[in-house]
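*Asks:* Okay, here's the structure, questions in a sec.
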Amino acid sequence: MRGRKLFGSASRRLKLTLASSMAAALCAGVVAAAPAQAQVANPYAKGPNPTEASVTATTGPFAVTTSNISSLVSGFGGGRLYYPTATNQGTYGAIALSPGFTAGWSSIDWLGPRLASFGFVVIGIETNSRYDYPPSRGEQLLAALDWAVEDSPAASRIDPTRLAVGGHSMGGGGSLEAASDRPSLKAVLPLAPWNSDKTWNEVQVPTLIIGGESDTVAPVGSHSTPFYNSLSGEKAFLELNNASHFFPQSPNNLVAKLAISWAKRWVDNDTRYSQFLCPGPASGGLSEVQAYRQTCPF
């Protein structure tokens, strides 16, 4: 009798051990599968898995349609619209970009098709006056987004809940103004930003600032750095080695790589692009990077 009880106890222990092992294996399988399932479940992720080569290429995976924006639109001075030609990808996020003081959209127009080819609607604006200061540029960026969502040729393709802003110089300073006024924005992309207001504690929208080490118009020490330090949300700051205030006016693969990755991560919630932001580009030696800071992990 005692022998049978001992055998029975041993048998039960074996069954419990096997059951526990199977449960652990199933849990491990669920955990291992979760990231892939989460990615598949993201309705905003578009395009193939990104690589270093793809995010630095001059064009992304989507063909782009381009059209002029009339200067008769309300709230901003017209400009240029870029959007993916494909209609089978669901809706796209939209990004409005402003040029800098005294400049027209043509000064940074390389950014329009580059961003659009990765699955965004891009509104490159002309400002009401080339002498508009950042607060006005911020209002015009928001007006451009509203026009794009409501009246543009790409209106039916835009998700109005996934909008972003950016710009160069006073346009970059204007993008901070826009984020302050509309906290529902998903991302901000100020390039060599200029603004007389140095503190942006109220801005919690994820913001990527890119500045130039040799910028004498908006020196990083009195513009980009205090802007970055004051932001309350997720953020990153790239300082380009020996770059002037006008670096955004020429195509730059590193600038494009980070801008695309930031927009994909926060507008599309596409964590596949976090690899290009965290830990981010390294500085030193012959690197194009003077410094890079961020609030990883994203």
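*Asks:* How many residues are more than 14 Å from residue 80 (Cα to Cα), among the acidic types (Asp, Glu) and in contact with a Phe, Trp or Tyr (Cβ under 7 Å, 6 or more places away or on another chain) when one looks only at region 116-138?
*Replies:* So the answer is 0.
*Asks:* Output yes when any residue across region 142-156 is in a loop (DSSP other than H, G, I, E, B) and in contact with a helix residue (DSSP H, G or I) (Cβ under 7 Å, 6 or more places away or on another chain), and no when none is.
*Replies:* Yes, region 142-156 contains at least one residue that is in a loop (DSSP other than H, G, I, E, B) and in contact with a helix residue (DSSP H, G or I) (Cβ under 7 Å, 6 or more places away or on another chain).
Yes or no, residue by residue, for (1) over 17 Å from the mean Cα position of the chain (by Cα); (2) part of a strand (DSSP E or B); (3) crowded, with 17+ Cβ neighbours inside 10 Å:
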residue	(1), (2), (3)
54	no, no, no
81	yes, yes, yes
90	yes, no, no
100	yes, no, yes
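*Asks:* Being touching a His at 6+ places or on another chain (Cβ under 9 Å) and either touching a residue at least 40 places away in the same chain (Cβ under 8 Å) or surrounded by fewer than 16 Cβ atoms within 10 Å (Cβ to Cβ) (or both) narrows it down to one of 298, 246, 276, 227, so name that one.
*Replies:* Residue meeting the stated conditions: 246.
*Asks:* Read through the list (1) touching a residue at least 24 places away in the same chain (Cβ under 8 Å); (2) under 17 Å from the mean Cα position of the chain (by Cα); (3) surrounded by fewer than 23 Cβ atoms within 10 Å (Cβ to Cβ), then give the number of the only condition that residue 222 fails.
*Replies:* Single failed check for residue 222: (2).
*Asks:* Further question on the same structure: In the list 146, 132, which residue meets the criterion of being of a type outside the set (A, V, I, L, M, F, W, C), farther than 25 Å from residue 257 by Cα and in contact (Cβ under 8 Å) with a residue 60 or more places away in the chain?
*Replies:* Exactly one residue qualifies, and that residue is 146.
*Asks:* Of everything in region 159-185, what is under 16 Å from residue 269 (Cα atoms), surrounded by fewer than 22 Cβ atoms within 10 Å (Cβ to Cβ) and of a type outside the set (S, T, N, Q)? Give them in sequence order.
*Replies:* Within region 159-185, 159, 160 qualify.
Throughout, read-outs are computed from the coordinates displayed, never taken from laboratory work. Everything quoted here is computed from the prediction, not taken from an experiment. Don't worry about glycine lacking a Cβ; one is built from the backbone with ideal geometry, like all the others, and counts go over all protein chains shown.
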